[in-house]
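Here is the structure we will look at, set down as structure tokens.
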Amino acid sequence: MSTRDTSISVLSLLLLGSVAVLAQWLDEPYFITLATKVCILGMAGVGLNLALGYGGLVSFGHAAFFGIGGYVAGILASHALNYEPIMESPWLLEGTTRMLVIWPITALVCGLFAWLIGALSLRTSGVYFIMITLAFAQMIYYFAISWPSYGGEDGLSVYLRSTFPGLNTMTGIHFFAIAFVWLMLAMGLSSRLVQSRFGLALQAARQNPIRVSAVGISPYKVQLTAFVISGVITGIAGALYTDLNRFVSPSVLGWHTSGEIMVFVILGGVARLAGPLLGAAVFIILEQTLGGWSENWQFWLGAVLIVVVLYGRGGIIGLLDRRSARE
């Protein structure tokens with residue numbers, strides 16, 4: 001990973017943290033919420049970027065992990081709070097609202113689903129891999145819609161955020177701090193993995209799997225491991241997203257969510273550490289500014305995406321690198 005990429009990542013994190021601190025100082029909780037949303041969606045993008053950017057695995061089903069993580073957090077919290085709709089559930093879960101318990105369970109469940117989906121999907125490649133991951137996500141989406149015990153199509157409200165020792169998670173800046181630390185951990189883990197021997201094997205498997213097999217490394221196992229880690233990161237982001245909104249619905253499992261996460265990665269820069277974070281930030285900014293002018297703000301997002309793809313193959317970070325090189 002280049003020094004420039006690391007510098008951009010550090011500056012992006014500092015800028016995001018500064019926005020939240022400034023919003024707290026100016027007593028603007030709405031902007032703290034937006035900064036928190038950028039953290040969470042950027043983290044989901046970091047998870048996908050590990051598989052897509054470094055592993056070459058174009059997954060169109062990462063909404064499955066994002067949604068599963070969200071539902072794990074929502075279901076555990078709803079059982080702990082004894083909400084009426086879940087009393088019909090056949091699952092005898094005690095539930096919990098403690099984040100330090102919810103996160104490991106989320107990681108375990110999402111890791112298991114990622115392993116199952118990846119183990120089958122990675123037996124194919126190219127467009128077949130894309131369609132199989134999409135098919136799995138849609139299966140889980142329709143299952144959530146037909147699950148009345150947890151709200152079905154209407155979704156599940158939890159009303160209160162889960163708890164973390166020493167912090168009031170209902171306070172915007174406190175919850176931002178949690179999401180911000182998770183984003184830094186995800187980016188740090190991604191950076192370490194990419195620079196390790198595992199990361200080199202993953203990138204080699206993307207470029208030439210036959211040569212990788214010839215030296216005794218199984219591309220299938222390397223890619224499956226990366227896919228599982230990617231799913232876990234995206235799943236924990238989904239759990240945080242449920243806590244942020246205090247609500248989860250099948251919409252987070254839909255194909256459009258997978259598309260949005262992929263847009264974050266492409267817009268910011270594929271295989272760039274801070275790419276998903278910058279992509280998520282630009283997406284939120286466009287949504288908030290253009291959304292106030294027109295309901296069809298996605299049209300302009302599409303135009304921006306086309307320009308980035310045509311003239312900046314490395315996304316926003318690629319455009320910045322080109323400009324710096326010219327200067």
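The values are calculated or read from the model by the stated rules, or taken from the named source; none is laboratory data. None of the values given here were measured: they were computed from a predicted structure. Positions of Cβ are backbone-derived with ideal geometry, glycine not excepted, and every protein chain shown enters the neighbour counts. Accessible surface areas use protein heavy atoms only, side chains included; no ligands, DNA or RNA. Shrake-Rupley method; radii C 1.70, N 1.55, O 1.52, S 1.80 Å.
Worth a mention:
- Charged-residue dipole, Cβ positions (Lys, Arg, Asp, Glu), the chain about Cα centre, Debye nearest 20: 1380
- Theoretical ellipticity at 222 nm over the chain - DSSP helices of four or more residues, -39500 (n - 2.57) apiece, nearest 500: -23500 deg cm²/dmol
- The amide H of LEU156, built 1.01 Å from its N in the peptide plane, has VAL248, SER249 as neighbours under 5 Å, considering only residues 5 or more places off or on other chains.
- Each peptide among 41-49, 303-311, 193-201 gets the average number of other Cβ atoms lying within 10 Å of its residues, and from highest to lowest they stand as 41-49, 193-201, 303-311.
- Share of carbon and sulfur in the accessible heavy-atom surface of the range 107-172 [1.4 Å probe, %]: 70
- Burial order of peptide ranges 269-276, 246-253, 160-167, 137-144 (average beta-carbon count within 10 Å, highest first): 269-276, 246-253, 137-144, 160-167
- Among SER146, SER294, SER230: highest mean-square fluctuation, GNM of the chain, C-alpha pairs under 10 Å: SER294
- Probe 1.4 Å, accessible area per residue of the chain, Å²: 49
- Nonpolar atom fraction for the range 193-278, defined as the carbon and sulfur part of the 1.4 Å probe accessible area, stands at 60 percent.
- For the range 208-322, the Cβ-based charge dipole about the Cα centre amounts to some 480 debye (Lys, Arg positive; Asp, Glu negative; other atoms uncharged).
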